[in-house]
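What follows is a single structure, written as structure tokens, with notes after it.
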Amino acid sequence: MSGTNSKFKYLYRDASNYKQFGYVVFRGEPTPKDSECVIGNLHEGDFFIPEVVGLQSLQEKFESVSIDDHPWHEIDFRTETERSPFELTSEEPTDARSVHRFAEEFAKTKWDEMQASRRMGLI
């Protein structure tokens with residue numbers, strides 16, 4: 001799909017492989033640098049903690065926290081071979097930030113699993 005805004009789709013998968021999906025739309029079209037900023041700061045190349053970068057934590061969609069829960073989320077890539085974190089869309093932004101601002105913030109983020117787990121009530 002073409003457009004002038006950027007959709008960032010992500011998912012939460014618990015240890016039992018139950019999933020919740022979400023997305024946010026940012027203003028503007030991403031540059032290759034924006035994609036590199038996000039991909040380059042994923043924990044172990046795949047994971048991030050959404051509330052640290054101002055996104056909704058998707059495990060909150062489940063009725064309760066269980067021993068299968070953790071703070072890590074994944075980008076919902078279109079395909080395994082196309083690991084672009086953004087897709088163009090004509091949808092209106094759902095976040096006030098531009099895609100460039102989000103990518104910059106994402107790149108500077110330090111993922112603190114212990115702090116996120118405490119917030120969730122897991123420890």
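The values are calculated or read from the model by the stated rules, or taken from the named source; none is laboratory data. These numbers come from a predicted model, not from an experiment. Cβ placement follows ideal geometry from the backbone for every residue including glycine, while neighbour counts extend to all protein chains displayed.
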Inset, instruction - Quick one: in region 62-121, of everything that is part of a helix (DSSP H, G or I) and in contact with a His (Cβ under 9 Å, 6 or more places away or on another chain), which residue is surrounded by the most Cβ atoms within 10 Å (Cβ to Cβ)? - result: 116
Inset, instruction - Among the numbered conditions (1) crowded, with 17+ Cβ neighbours inside 10 Å; (2) free of Cβ contacts under 8 Å to residues at least 12 places away in the same chain; (3) of a type in the set (Gly, Ala, Ser), tell me where residue 6 comes up short. - result: (2)
Inset, instruction - Could you check how many residues of region 12-42 are surrounded by 13 or more Cβ atoms within 10 Å (Cβ to Cβ), not in a helix (DSSP H, G or I) and not basic (Lys, Arg)? - result: 15
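Quick check on region 50-61: of everything there that is of a type outside the set (D, E, K, R) and either modelled with pLDDT under 80 or not in a loop (DSSP other than H, G, I, E, B) (or both), which residue is farthest from residue 32 (Cα to Cα)?
Looking at the filtered set, the residue picked out is 59.
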Legend entry - Residues being at pLDDT 95 or above and under 21 Å from residue 45 (Cα atoms) - total across region 87-100: 2
Inset, instruction - Taking the options 93, 50, name whichever one is touching a Ser or Thr at 6+ places or on another chain (Cβ under 6 Å) and within 22 Å of residue 5 (Cα to Cα). - result: 50
